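Below is one structure; the comments refer to it alone.
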Amino acid sequence: MGCCNQSEAENNKALKWNSTWLVNVCFVLAKLLFHSFYARSSESRHQNVMKLFQLCADREHIEACSLYGHLLLFRGSTKFNKMQGVKYLNVAANGSEVKACYQMALIMKNEEYGFPNDSNKVIGLLLTAVKGGNVLAAKELLAFLSENDLMDQVSSDQLNEIQQSASLSSIAVQ
């Protein structure tokens, strides 16, 4: 009996690995199709590609949650679609995906889509985005900290990192 249980556990582990692998492959395929002529050639093909993104996002593929969430938030035609986009972005932000962290911080800062302005959460999300190289997050974080008199919420090392990142964005603009 113990032998069979061990074999079942090994089979379940293999199935989980395979499903993760399949979700990754599905996401890569969806991205390739999304940027190809295939998806732009008809509305039904575009919808099929969106279903692939949704399939991956529903399985909590972090990059898929971010990409699909952004698409729904900014391109969604209904309030429901936009709310779904925020839901997926929140999952991606919880997985520390840089762009989703930045977007969720803005949503919380502006108290949109039912999210309260939680200063600690906004700062944490923006710090994650800054550490991931998002220079817009650095500028946003500096502004948020100074507007709300919260400079003491970050260490001097973090503040230096934020200021360096923010200065990189102004260099890039010139």
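Taken over the stretch 1-45, the criterion of being loosely packed, with under 10 Cβ neighbours inside 10 Å, modelled with pLDDT of 85 or more and of a type in the set (S, T, N, Q) is satisfied by S44 alone.
Return the pairs, sorted by first residue and then second, in which the second residue is acidic (D, E) and outside any helix (DSSP H, G or I), the first residue lies in the stretch 75-96 and is modelled with pLDDT of 95 or more, the beta carbons are less than 7 Å apart, and the residues are 6+ apart or on different chains. Here the result reads V91/E60, each pair linking the stretch 75-96 to a residue that is acidic (D, E) and outside any helix (DSSP H, G or I). Checked against (1) out of contact with any Cys (no Cβ under 9 Å at 6 or more places or on another chain); (2) within 25 Å of Q163 (Cα to Cα), A129 meets all criteria but (1). With respect to the stated conditions, K51 is farther than 30 Å from L127 by Cα, in a helix (DSSP H, G or I), under 20 Å from the mean Cα position of the chain (by Cα) and at pLDDT 95 or above. When we screen L73, L55 for residues that are in contact with a Cys (Cβ under 8 Å, 6 or more places away or on another chain), aliphatic (A, V, I, L, M) and under 25 Å from Y38 (Cβ atoms), the only hit is L55.
The values are calculated or read from the model by the stated rules, or taken from the named source; none is laboratory data. Just so you know, these numbers come straight off a predicted model, no measurement behind them. Cβ: placed from backbone, ideal geometry, glycine included. Neighbour counts: every protein chain shown.
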